[in-house]
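Chemist: Shown below is the structure under consideration.
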Amino acid sequence: DAGITQSPRHKVTETGTPVTLRCHQTENHRYMYWYRQDPGHGLRLIHYSYGVKDTDKGEVSDGYSVSRSKTEDFLLTLESATSSQTSVYFCAISESLDRGRVNTEAFFGQGTRLTVV
Amino acid sequence: KNEVEQSPQNLTAQEGEFITINCSYSVGISALHWLQQHPGGGIVSLFMLSSGKKKHGRLIATINIQEKHSSLHITASHPRDSAVYICAARITQGGSEKLVFGKGTKLTVNP
């Protein structure tokens, strides 16, 4: 299995509190992504990173911020959690097709189930 | 409009049937992934395609770059194939790339 872990796996938090989810990889992949998965919407991109300190917004970035201070970690922060952010969050990693590496598959963490009450 | 569209949204089949799931995209891509998500949530990458066809066991994935279309086929389907199948396009923008997902196809294979 690819070395990608998410923490925590489950979290219940109160509305208005900040929450940070962590994605850690041991594959040295360039790209890291945070998605949320909701019924009827599939996987929607929140933010992604294409290198250390290089991040960009996805389609549902409002209310979220990210940081990538080193290659292996990509943090997702809910600045002030709301009930609409109750979801399952997935981290994914991939490598550039042009880097000539054999392994260019995308890999996914096991997901974090976040409930905001 | 989503950049990646999948069809059908739901699919029910009898064991042994040949299954086809379709994925269309509206932008230029560098590659397309087919993923499988079982109940319980884990997502597994099945294929990554940039051209032609790939086969792994009973699974076959094809892509037509000109038509911006990919298909995932399952031959001799089995109840253990029941899962959500998701296609994801690698879209390059301004020197970086991102993965954009279809909404998934929920496949149920009955014995």
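Chemist: Within 10 Å of each Cβ in A:45-52, how many Cβ atoms from other chains are there, averaged over the peptide? If you can, show how the numbers build up before the last one.
Modeler: Values: counts 4, 0, 1, 4, 1, 6, 1, 0.
For this peptide, the per-residue mean of nearby foreign Cβ atoms is 2.
Chemist: For segment A:18-117, which trypsin sites (Lys or Arg not before Pro) are both in a DSSP coil and crowded by at most 16 other Cβ atoms within 10 Å? Write out the running numbers ahead of the final one.
Modeler: On the way: sites: A:R22, A:R30, A:R36, A:R44, A:K53, A:K57, A:R68, A:K70, A:R99, A:R101, A:R113; in loops: A:R30, A:K53, A:R101.
Those that pass, being in a loop and sparsely packed, are A:K53, A:R101.
Chemist: Under the definition of Cα pairs under 8 Å and six or more residues apart, what whole-number percent is the relative contact order of segment B:3-78?
Modeler: Values: 136 pairs, mean separation 26.3, N = 76.
In percent, rounded to a whole number, it is 35.
Chemist: In addition: Can you give the accessible area of A:Y31 in Å² (nearest 10), computed on protein heavy atoms with a 1.4 Å probe?
Modeler: The value for A:Y31 is about 10 Å².
Chemist: Whole angstrom only: what separates the Cα centroid of segment A:25-51 from the Cα centroid of segment A:71-85?
Modeler: 12 Å
Chemist: Using the C-alpha gyration tensor of chain B, what are the square roots of 5 times its eigenvalues, in whole angstrom, with the largest one first?
Modeler: Values: eigenvalues 119, 39, 29 Å².
The equivalent ellipsoid of chain B has semi-axes of 24, 14, 12 Å.
Chemist: Another question about this same structure. For segment A:20-31, in order, what is each residue's ³J(HN,Hα) by Karplus, 6.51 cos²θ - 1.76 cosθ + 1.60 with θ = phi - 60°, in whole Hz (x at glycine and Pro)?
Modeler: In residue order, the calculated couplings are 10, 10, 10, 10, 10, 10, 10, 9, 6, 6, 6, 9 Hz.
Chemist: Now for a separate question. Please give me, ordered by residue number, the GluC sites (Glu not before Pro) of segment A:46-89 that lie in loop per DSSP and have at most 15 other Cβ atoms within 10 Å. Intermediate results must be reported in sequence, preceding the final value.
Modeler: Numbers: sites: A:E59, A:E72, A:E79; in loops: A:E59, A:E72, A:E79.
Answer by residue number: A:E59, A:E79.
Chemist: Now for a different question. Given a Förster radius of 25 Å and the C-beta distance between B:K55 and B:S82 as r, what FRET efficiency does 1/(1 + (r/R0)^6) yield to the nearest 0.05? Intermediate values should be presented prior to the final figure.
Modeler: Details: r = 21 Å, r/R0 = 0.83.
It comes to 0.75.
Chemist: Return the average number of partner chain Cβ atoms within 10 angstrom of each residue Cβ along peptide B:92-99. Before the final figure, lay out each step's value.
Modeler: Numbers: counts 3, 2, 2, 1, 10, 8, 10, 11.
So the per-residue partner count for this stretch is 6.
Chemist: HN-Hα J couplings of segment B:51-67 from phi, Karplus 6.51/-1.76/1.60, θ = phi - 60°, integer Hz, Gly and Pro as x?
Modeler: 6, x, 8, 9, 9, 9, x, 8, 9, 10, 10, 10, 9, 10, 5, 5, 8
Chemist: For segment A:42-53, just list the computed ³J(HN,Hα) in residue order, Karplus coefficients 6.51, -1.76 and 1.60, θ = phi - 60°, integers in Hz, with x standing in for Gly and Pro.
Modeler: x, 8, 10, 6, 9, 8, 9, 10, 10, x, 4, 6
Chemist: Quick one: ranking A:E14, B:E15 by accessible area, 1.4 Å probe, largest first, what do you get? Provide the component values of the computation, followed by the final result.
Modeler: On the way: A:E14 125, B:E15 90 Å².
Final ranking, largest accessible area leading: A:E14, B:E15.
Chemist: Ok, one more. Expressed in nm², what is the orientationally averaged projection area of the convex hull enclosing the Cα positions of the protein assembly as shown?
Modeler: On the way: hull surface 49.3 nm².
Taking a quarter of the hull surface, the average projection is 12.3 nm².
Chemist: Additional query: Work through the residues other than B:I60 whose Cβ is under 11 Å from its Cβ and net out their charges, Lys, Arg +1 and Asp, Glu -1. If you can, show how the numbers build up before the last one.
Modeler: Numbers: positive: B:K53, B:K54, B:K55, B:R58; negative: none.
Net charge around B:I60: +4.
Chemist: Taking each pair of distinct Cα atoms in segment A:1-87 once, what is the resulting Kirkwood hydrodynamic radius in Å? Working shown, then result.
Modeler: Numbers: mean 1/r = 0.0744 Å⁻¹.
By the Kirkwood definition, the hydrodynamic radius is 13.4 Å.
Chemist: Please calculate the 1.4 Å probe accessible area of A:V12, with all protein chains present, and give it to the nearest 10 Å².
Modeler: Surface open to solvent at A:V12 totals about 100 Å².
Chemist: State the percentage of accessible surface on the protein assembly as shown attributable to carbon and sulfur atoms; use a 1.4 Å probe and exclude ligands, DNA and RNA. Write down the numbers at each step before the final one.
Modeler: Details: 5090 of 10550 Å².
The nonpolar share, carbon plus sulfur, comes to 48 percent.
Chemist: Note down the nm distance, to one decimal, between modelled labels 7 Å out along Cα→Cβ at B:H38 and at B:E15.
Modeler: So the label points at B:H38 and B:E15 sit 1.7 nm apart.
Chemist: For A:Y64, which sequence-distant residues (separation of 5 or more, or a different chain) have an amide H within less than 5 Å of its own amide H, given hydrogens modelled in the peptide plane?
Modeler: For A:Y64, no residues qualify.
Chemist: Enumerate by residue number the trypsin sites (Lys or Arg not before Pro) in segment B:1-74 meeting two conditions: DSSP loop (anything except H, G, I, E, B), and at most 15 other Cβ atoms within 10 Å of the site's Cβ.
Modeler: On the way: sites: B:K1, B:K53, B:K54, B:K55, B:R58, B:K68; in loops: B:K1, B:R58, B:K68.
In loop regions of segment B:1-74 (DSSP not H, G, I, E or B), the sparsely surrounded trypsin sites (Lys or Arg not before Pro) are B:K1, B:R58.
The values are calculated or read from the model by the stated rules, or taken from the named source; none is laboratory data. Since the model is a prediction, treat every value here as computed from it, not as a measurement. Because the Cβ atoms are built from the backbone with ideal geometry, glycine has one as well, and the counts that use them run over all protein chains shown. The area values use the complete protein model at the heavy-atom level, side chains included, leaving out ligands, DNA and RNA. Shrake-Rupley method; radii C 1.70, N 1.55, O 1.52, S 1.80 Å.
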